[in-house]
Amino acid sequence: MGNSGFRVSALSLGTMTWGQQSDEHDAAELLRMFLDAGGTLVDSAGSYADGQAEALLGSMLGDVVSRSELVISTKAGLSTLDGRRSINASRGAMLSGLDASLARLGTDHVDIWFAHAWDGNVPLEETLSALELAVRSGRARYVGISNYNGWQTAKAAAMAGFTLVANQSEYSLLKRKPEEELIPAIEDAGLGLMAWAPLGRGVLSGKYRGQIPADSRAAQGPFSGYVEPYLEARSTRIVEAVAMAARGLGRSAPDVALSWLLSRPGVSTAVVGPRNAVQLKELLDAQLAPVPAEIARALEDVSAP
């Protein structure tokens with residue numbers, strides 16, 4: 001992960017849908033499949049399903065998997081109440097969030113802990129002090145920032161009197177804005193990028209080509225607005241280009257999209273969020289080998305911001 005000694009798998013397992021679209025049985029199956037395939041990093045947050053995602057993961061420790069098998073990532077500082085997003089990255093809120101996460105997970109530490117979002121109402125020094133205390137107290141092995149833009153990342157890295165190892169932000173062929181400032185800032189600071197929504201919130205898989213499947217996120221309540229921004233004409237052109245590249249290479253569309261992403265500067269891992277075993281198997285079967293240079297250039301041309 002960046003310039004640190006922290007090692008993670010190329011794919012990380014995201015848990016945003018756990019406790020909502022993935023029940024206990026599905027989550028246990030996903031976790032076991034992921035670990036059996038060599039995956040290590042499982043990413044969660046206190047805000048996912050109001051803590052249910054962490055609680056589900058915690059219920060499996062010692063039963064489905066042992067704690068030593070997992071590299072656990074979680075986040076604090078963001079919550080959603082009655083559909084309204086609230087950010088509080090104050091020292092008190094952050095540390096209370098960490099303690100609540102540890103209780104739900106049933107562990108005395110997480111491997112990496114993030115400030116979930118930039119909080120313009122709290123001095124950055126205060127947020128960073130919570131991250132530092134988490135490491136000094138042993139409650140987190142490593143710390144990072146999430147959803148910070150380029151200048152925010154540079155400022156945090158410069159002000160921290162300790163090592164930030166990662167920034168967790170959205171990046172895919174459908175969301176290339178990080179290339180403008182965020183990735184140069186990450187590389188300059190020696191951080192690694194945990195890219196969330198690496199398949200464009202599922203759209204790059206091709207499942208939405210000409211339709212919205214009834215069982216998809218776009219068709220279901222709380223996540224329909226999450227997918228909707230990537231269903232417009234520009235995205236369609238990119239999805240078709242990925243599908244064409246996949247046919248030509250004899251690989252799947254998710255494989256092409258993920259392989260392109262993992263070869264990009266600064267990217268340490270791609271956080272995938274399959275809802276069931278069928279979706280995860282397709283991802284685990286991916287080659288994750290660099291796509292030929294001429295195909296990569298064609299994908300970059302059609303997806304240029």
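Restricting attention to the stretch 63-112, which residues are at positive phi and without any contact (Cβ under 8 Å) to a residue 24 or more places away in the chain?
D82, G83, listed by residue number.
Going through the stretch 187-201 one residue at a time, which ones are buried (at least 19 other Cβ atoms within 10 Å of the Cβ), out of contact with any helix residue (DSSP H, G or I) (no Cβ under 6 Å at 6 or more places or on another chain) and over 15 Å from S303 (Cβ atoms)?
Those that are buried (at least 19 other Cβ atoms within 10 Å of the Cβ), out of contact with any helix residue (DSSP H, G or I) (no Cβ under 6 Å at 6 or more places or on another chain) and over 15 Å from S303 (Cβ atoms): L191, G192, M194, W196.
Only one of these conditions is not met by V135: (1) buried (at least 20 other Cβ atoms within 10 Å of the Cβ); (2) of a type in the set (V, I, T); (3) more than 18 Å from the chain's Cα centre (by Cα). Which number is it?
Going through the list (1) buried (at least 20 other Cβ atoms within 10 Å of the Cβ); (2) of a type in the set (V, I, T); (3) more than 18 Å from the chain's Cα centre (by Cα), V135 breaks only (1).
Identify the residue in the stretch 33-53 that is crowded, with 17+ Cβ neighbours inside 10 Å and part of a loop (DSSP other than H, G, I, E, B) and, among all such residues, is nearest to the chain's Cα centre (by Cα).
Among those residues, the one meeting the criterion is S44.
This table checks each residue for (1) among the acidic types (D, E); (2) without any contact (Cβ under 8 Å) to a residue 40 or more places away in the chain; (3) touching a Pro at 6+ places or on another chain (Cβ under 6 Å); (4) part of a helix (DSSP H, G or I).
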position: A241; (1), (2), (3), (4): no, no, no, yes
position: G248; (1), (2), (3), (4): no, no, no, yes
position: P254; (1), (2), (3), (4): no, no, no, yes
position: W260; (1), (2), (3), (4): no, no, no, yes
position: T269; (1), (2), (3), (4): no, no, no, no
position: L280; (1), (2), (3), (4): no, no, yes, yes
position: I295; (1), (2), (3), (4): no, no, no, yes
position: V302; (1), (2), (3), (4): no, no, no, yes
position: P305; (1), (2), (3), (4): no, no, no, no
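Tally up the residues in the stretch 141-168 that are in a loop (DSSP other than H, G, I, E, B), free of Cβ contacts under 8 Å to residues at least 40 places away in the same chain and among the hydroxyl-bearing types (S, T, Y), please.
Residues of the stretch 141-168 that are in a loop (DSSP other than H, G, I, E, B), as a first pass: 147-149, 160-163.
In the following step, the residues that additionally are free of Cβ contacts under 8 Å to residues at least 40 places away in the same chain were identified as 147-149, 160-162.
Now restrict to residues that are among the hydroxyl-bearing types (S, T, Y): 148.
The qualifying residues number 1.
Conditions: (1) among the hydroxyl-bearing types (S, T, Y); (2) touching a strand residue (DSSP E or B) at 6+ places or on another chain (Cβ under 9 Å); (3) farther than 14 Å from T15 by Cα. S68 meets all but one. Number of the miss?
Going through (1) among the hydroxyl-bearing types (S, T, Y); (2) touching a strand residue (DSSP E or B) at 6+ places or on another chain (Cβ under 9 Å); (3) farther than 14 Å from T15 by Cα one by one, S68 breaks only (2).
Could you check Q21 against (1) modelled with pLDDT of 95 or more; (2) over 16 Å from H116 (Cβ atoms) and say which number it fails?
Every condition holds for Q21 apart from (1).
The values are calculated or read from the model by the stated rules, or taken from the named source; none is laboratory data. Please read these numbers as outputs of a predicted model, since none were measured by experiment. Methodologically, a virtual Cβ is constructed for each residue, glycine included, from the backbone with ideal geometry; neighbour enumeration extends over all protein chains shown.
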